[in-house]
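A quick write-up on the structure given underneath.
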Amino acid sequence: MIRHLAISIIILSTILVLNGCANKKEPDFIGYIFTKGNNKTVVVGTKDKQPPDVIIKKGESKLEVGTKVEVRYKEDGVSDVFPSNAPVTLSEVKVTNEEKEMLKHLFEDMYNKNGQDYYPVILGIEEKTNEWVVTLKEYYFKIDGETYNDATFQISKNGFTITGSN
């Protein structure tokens, strides 16, 4: 009897583990939380493509601006409208607190200068002794058309002074 119970527990545990692994799908894209406010969270992707991966998630995420995230769509059919407005799950990707804080300052500066029709796609972050160098593609979506620019920013580690394109 105890043997049958032990075998049943092992089989049940194996099924539960395999079922949990089967439900974890790869992220639809990797990105960063760009802005939060007005009951929405905007996430920008990390791939140079047109249009870029940008999702507007209903509700304000508990994660901070500048946080790197894995984005998983809750539904298979996501509209082709840009930027996408779909239910998603955001999972934090661990980076250093310094990098997250630097991106928070950079994103806030970008948003204040460019407004809501501007989406930066982070292509690379290089940490140097006294600064970060961030390369990105800037996407502007206006009524009169779209523009795309390559940009590089240098962000000092002492006070987050931002220099470069924009």
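The values are calculated or read from the model by the stated rules, or taken from the named source; none is laboratory data. The model shown is predicted, which means the values in this text are computed figures rather than measured ones. Cβ: placed from backbone, ideal geometry, glycine included. Neighbour counts: every protein chain shown. Note: areas computed on protein heavy atoms with side chains; ligands, DNA, RNA excluded. Shrake-Rupley method; radii C 1.70, N 1.55, O 1.52, S 1.80 Å.
Can you tell me which residue is nearest to Val69 (Cα to Cα) among those in segment 34-49 that are open to solvent by less than 10 Å² (accessible area, probe 1.4 Å) and not aliphatic (A, V, I, L, M)?
Checked segment 34-49; the qualifying residue nearest to Val69 (Cα to Cα) is Gly45.
Can you confirm whether segment 155-162 contains a residue that is assigned to a strand (DSSP E or B) and either under 15 Å from the mean Cα position of the chain (by Cα) or closer than 21 Å to Lys47 by Cβ (or both)?
No, segment 155-162 contains no residue that is assigned to a strand (DSSP E or B) and either under 15 Å from the mean Cα position of the chain (by Cα) or closer than 21 Å to Lys47 by Cβ (or both).
Filter segment 82-131 for residues that are open to solvent by less than 60 Å² (accessible area, probe 1.4 Å), outside any loop (DSSP other than H, G, I, E, B), of a type in the set (A, V, I, L, M, F, W, C) and within 16 Å of Lys68 (Cα to Cα) and give the result.
Selection gives Val88, Leu90, Met102, Leu103, Leu106, Phe107, Val121, Ile122, Ile125.
Exactly one condition in (1) loosely packed, with under 10 Cβ neighbours inside 10 Å; (2) farther than 24 Å from Tyr111 by Cβ; (3) modelled with pLDDT of 75 or more is not met by Tyr73; state its number.
Unmet for Tyr73, out of (1) loosely packed, with under 10 Cβ neighbours inside 10 Å; (2) farther than 24 Å from Tyr111 by Cβ; (3) modelled with pLDDT of 75 or more: (1).
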